[in-house]
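Participant: This is the structure I have questions about; it appears just below.
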Number of protein chains: 2
Amino acid sequence: MRAVVMHSPGDVRVEDRPDPTIVDPTDAVIRLTATCICGSDLWPYRGVEPVDHTNMGHEYVGVVEQVGEDVRTVAVGDFVVGSFVTSDNTCEICQAGYQSKCVHAEFVSVASGTQAQLARIPHADGTLVATPGQPDADLIPSLLAASDVLGTGWFAAVAAEVGPGKTVVVVGDGAVGLMGVLAARELGAERIIAMSRHADRQALAREFGATDIVEERGAAGVARITELTGGLGAHSVIEAVGTEESMLQAIRSTRGGGHVGFVGVAHEGVSLPLDELFFAEVHLHGGPAPVRRFLPELIRMIWERRIDPGKVFDLTLPLEDAAEGYRAMDERRAIKVLLTL
Amino acid sequence: MRAVVMHSPGDVRVEDRPDPTIVDPTDAVIRLTATCICGSDLWPYRGVEPVDHTNMGHEYVGVVEQVGEDVRTVAVGDFVVGSFVTSDNTCEICQAGYQSKCVHAEFVSVASGTQAQLARIPHADGTLVATPGQPDADLIPSLLAASDVLGTGWFAAVAAEVGPGKTVVVVGDGAVGLMGVLAARELGAERIIAMSRHADRQALAREFGATDIVEERGAAGVARITELTGGLGAHSVIEAVGTEESMLQAIRSTRGGGHVGFVGVAHEGVSLPLDELFFAEVHLHGGPAPVRRFLPELIRMIWERRIDPGKVFDLTLPLEDAAEGYRAMDERRAIKVLLTL
């Protein structure tokens, strides 16, 4: 099969690789219908995380091609969406809604990069969700978004306890932040303030439901949020960047007793001042999203054409042109790149 | 009046000071019935926080002696318990239960140290709660505990979402940790694991409701908690120390999706690794306790003699001997010192 391999930072190639096969009886092998490049793929691309001839990709939709003998809930021929973390969906942690911390949790990318024609998905029963039928082509981007960015933005909004009557701030105007805006709208937020200084992302944020845009950052950004919220700060803040600056921006934009949902992937060496966290007295919750928890509901909303998260893909390329996709995202020429197969 | 003044680290004296008077029309002046020394008073005592001829104390119970002309809910002669943070108890933040982040919040100690015969309490209506009548003498220690350590331990348990069927870990065996044990029992926890290596504190923890004691710390402590919780970690963890080590102990003892309630006062320069917080995927909430939220309920339980938090005071001294009280707590000869007037 053809697959995207990052040889070293900045060196992305599409190469022949052996087809994945069933290893464990709970595995499925899927043929990808579409895949995409994640903001987190830019970390190794930029040399911030180690990379060495690594199979890339963890977002995926496709058709089941093979299943192990213990697989029960998905069958060959099913169209499936799955999470970027495997889960058995039966353990106590999964039952509490934290499939990303399942006792069998593993990043899908460890088993198989999904920027490829085929991928092996462990714990298929607990990781994959079959759609009601074969989707129309125009639904593919939205279903693919559900696999990570939509599920992650949704989790951030739920973690931030977004709901009716609330004012929500979204820190980060990447794909996940934009999905956070969409989730906040769907969860009934009264006011959604997107922090962004890029016209194209501001436009998409407004399309997804943002009611206000704040261009300022740092202390000026916090001052603007304070002003917009009658001096109190927002009820709910979604953090979708993962740096100390963005976390402090989020915490300082939240009222005492309010909620921060943080999903920006944090890197080693980044730390938070504990005294600031203590005296801010906000709720902090986040991490790798338990996408599996939300998939049935997200698929339903997409299937009913109630939401259109696929709009977050503003560049579509064939898998063979993956290197250009990485460049476009790295140079911020694209918000998120969909790769066709 | 007589009052405790810390001249410099380690130098505690009881001196004559001018009687406090009504400054704002929302003030009350109370005559203290009892006061006490807080674990946080040891920070300046040990030179970790600056101190310079500072009036000490922020915990208090007493009888109202004077009220400003705008005070409505407490009257001269009432026996009152108050929080260590002032609050108007009417603003949007207070109404959401975060009186410690009230738009008028101020540490009581800024207005008036309460290790004294008299104290001025700003925003008396929103800060003080009158008891149903004059308390019996044996209730005084418990009512005094409600002013801070009980209210703080209670908040930690609520922030950690302690409830029926849950396993709770308490990190820190000081007065606040012990009150967290008591709160966990009252809130219906199934299992309460106190982390302590001091026999006297272990005994008190068991008396307050601890079902298990873990003496190990650090990685060994986490391993023991993991073992005791079937490999998953605790549902709820109360952190009552305020160091990086104790916070990591708490986070690492919590299952994915579980809750950490942290009330150990964090100091400048202490930080938390963000990547660990991200991948732990716990809920984190804490800060200065909104004691005022809980006071009516805590006073009721004490009045009905359902709880006896006053047992946390294991040394009682006259105010004039405050210096010996500080020494006893600093040398860990006492858990918490009550000062009589």
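Participant: Out of (1) within 19 Å of the chain's Cα centre (by Cα); (2) within 14 Å of chain A (Cβ to nearest Cβ); (3) closer than 18 Å to B:Thr26 by Cβ, the odd one out for B:Val129 is which?
Facilitator: If we test B:Val129 against (1) within 19 Å of the chain's Cα centre (by Cα); (2) within 14 Å of chain A (Cβ to nearest Cβ); (3) closer than 18 Å to B:Thr26 by Cβ, just (2) comes out false.
Participant: Could you look through segment A:179-194, keep only residues that are surrounded by 24 or more Cβ atoms within 10 Å (Cβ to Cβ) and more than 18 Å from the chain's Cα centre (by Cα), and pick out the one that is farthest from A:Val169 (Cα to Cα)?
Facilitator: So, considering only residues that are surrounded by 24 or more Cβ atoms within 10 Å (Cβ to Cβ) and more than 18 Å from the chain's Cα centre (by Cα), the one farthest from A:Val169 (Cα to Cα) is A:Ala189.
For every residue, the table says whether it meets (1) more than 14 Å from chain B (Cβ to nearest Cβ); (2) assigned to a loop (DSSP other than H, G, I, E, B).
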{"residue": "A:Gly256", "(1), (2)": "no, no"}
{"residue": "A:Gly261", "(1), (2)": "no, no"}
{"residue": "A:Gly269", "(1), (2)": "no, yes"}
{"residue": "A:Leu272", "(1), (2)": "no, no"}
{"residue": "A:Leu277", "(1), (2)": "no, no"}
{"residue": "A:Gly310", "(1), (2)": "yes, no"}
{"residue": "A:Thr316", "(1), (2)": "yes, no"}
{"residue": "A:Glu320", "(1), (2)": "yes, no"}
{"residue": "A:Tyr326", "(1), (2)": "yes, no"}
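Participant: Pairs only if they're at least six apart or on different chains, beta carbon under 7 angstrom, first in segment A:254-273 and more than 30 Å from B:Cys102 (Cβ to Cβ), second small (Gly, Ala, Ser) and modelled with pLDDT under 95; list them, first residue then second.
Facilitator: Sorted first by the residue in segment A:254-273, then by its partner, the pairs are A:Gly264/A:Gly242; A:Val265/A:Ser40; A:Val265/A:Gly242; A:Ala266/A:Gly242; A:His267/A:Gly242.
Participant: OK, next. Would you point out which residue out of B:Val103, B:Val51, B:Val81 is of a type in the set (Val, Ile, Thr), in the same structural domain as B:Leu295 (by TED's automatic domain parsing) and without any contact (Cβ under 8 Å) to a residue 24 or more places away in the chain?
Facilitator: Testing whether each residue is of a type in the set (Val, Ile, Thr), in the same structural domain as B:Leu295 (by TED's automatic domain parsing) and without any contact (Cβ under 8 Å) to a residue 24 or more places away in the chain leaves just B:Val103.
Participant: Looking only at segment A:281-290, which residues are more than 7 Å from chain B (Cβ to nearest Cβ) and over 19 Å from B:Arg255 (Cβ atoms)?
Facilitator: Listed by number, the list holds a single entry, A:Val282.
Participant: Okay, next question. Return the total of residues in segment B:77-90 being on the phi > 0 side of the Ramachandran plot and either of a type in the set (D, E, K, R) or out of contact with any helix residue (DSSP H, G or I) (no Cβ under 9 Å at 6 or more places or on another chain) (or both).
Facilitator: Total satisfying the criteria: 1.
Participant: Name, by its number, the condition in (1) farther than 25 Å from A:Leu150 by Cα; (2) in contact (Cβ under 8 Å) with a residue 24 or more places away in the chain that does not hold for A:Asp16.
Facilitator: (2)
Participant: Only one of (1) touching a residue at least 60 places away in the same chain (Cβ under 8 Å); (2) in contact with a His (Cβ under 6 Å, 6 or more places away or on another chain) fails for A:Thr86. Which number is that?
Facilitator: Unmet for A:Thr86, out of (1) touching a residue at least 60 places away in the same chain (Cβ under 8 Å); (2) in contact with a His (Cβ under 6 Å, 6 or more places away or on another chain): (1).
Participant: Being in contact with a helix residue (DSSP H, G or I) (Cβ under 6 Å, 6 or more places away or on another chain) and closer than 18 Å to A:Met329 by Cα is the filter here, so list the residues in segment A:26-35 that pass it.
Facilitator: Passing the criteria: only A:Ala34.
Participant: Could you please tell me which pairs satisfy a Cβ distance under 6 Å, a separation of 6+ or placement on different chains, a first residue in segment B:224-247 that is assigned to a strand (DSSP E or B), and a second residue that is among the hydroxyl-bearing types (Ser, Thr, Tyr)?
Facilitator: From residues that are assigned to a strand (DSSP E or B), the pairs are B:Ala234/B:Thr167; B:Ala234/B:Ser253; B:Ala234/B:Thr254; B:His235/B:Thr167; B:Val237/B:Ser253; B:Val237/B:Thr254; B:Glu239/B:Ser246.
Participant: For segment B:23-32, indicate whether the set of residues that are in contact (Cβ under 8 Å) with a residue 12 or more places away in the chain, within 19 Å of B:Thr131 (Cβ to Cβ) and among the charged types (D, E, K, R) is non-empty.
Facilitator: yes
Participant: Shifting gears a bit: Given B:Glu186, B:Glu245, B:Glu239, which one is charged (D, E, K, R), at pLDDT 95 or above, touching a Gly at 6+ places or on another chain (Cβ under 6 Å) and under 30 Å from A:Phe279 (Cβ atoms)?
Facilitator: B:Glu239
Participant: Can you find even one residue in segment B:28-51 that is outside any helix (DSSP H, G or I), over 23 Å from the mean Cα position of the chain (by Cα) and not hydrophobic (A, V, I, L, M, F, W, C)?
Facilitator: no
Participant: Also, quick follow-up: Only residues that are crowded, with 17+ Cβ neighbours inside 10 Å, facing chain B (nearest Cβ under 8 Å) and in a helix (DSSP H, G or I): list them for segment A:89-107, please.
Facilitator: Within segment A:89-107, A:Ile93, A:Ser100, A:Lys101 qualify.
Participant: Kindly indicate which of A:Val63, A:Val74 is under 21 Å from A:Pro135 (Cα atoms), surrounded by fewer than 24 Cβ atoms within 10 Å (Cβ to Cβ) and touching a helix residue (DSSP H, G or I) at 6+ places or on another chain (Cβ under 8 Å).
Facilitator: A:Val74
Participant: Now, a different point. Within segment B:236-243, does at least one residue satisfy the condition of being surrounded by fewer than 24 Cβ atoms within 10 Å (Cβ to Cβ), away from chain A (no Cβ under 13 Å) and either of a type in the set (Gly, Ala, Ser) or under 17 Å from the mean Cα position of the chain (by Cα) (or both)?
Facilitator: No, the conditions are met nowhere in segment B:236-243.
The values are calculated or read from the model by the stated rules, or taken from the named source; none is laboratory data. Predicted, not measured: the structure shown is a model, and the values here were computed from it. Glycine gets a Cβ as well: all are built from the backbone with ideal geometry, and neighbour counts include every protein chain shown.
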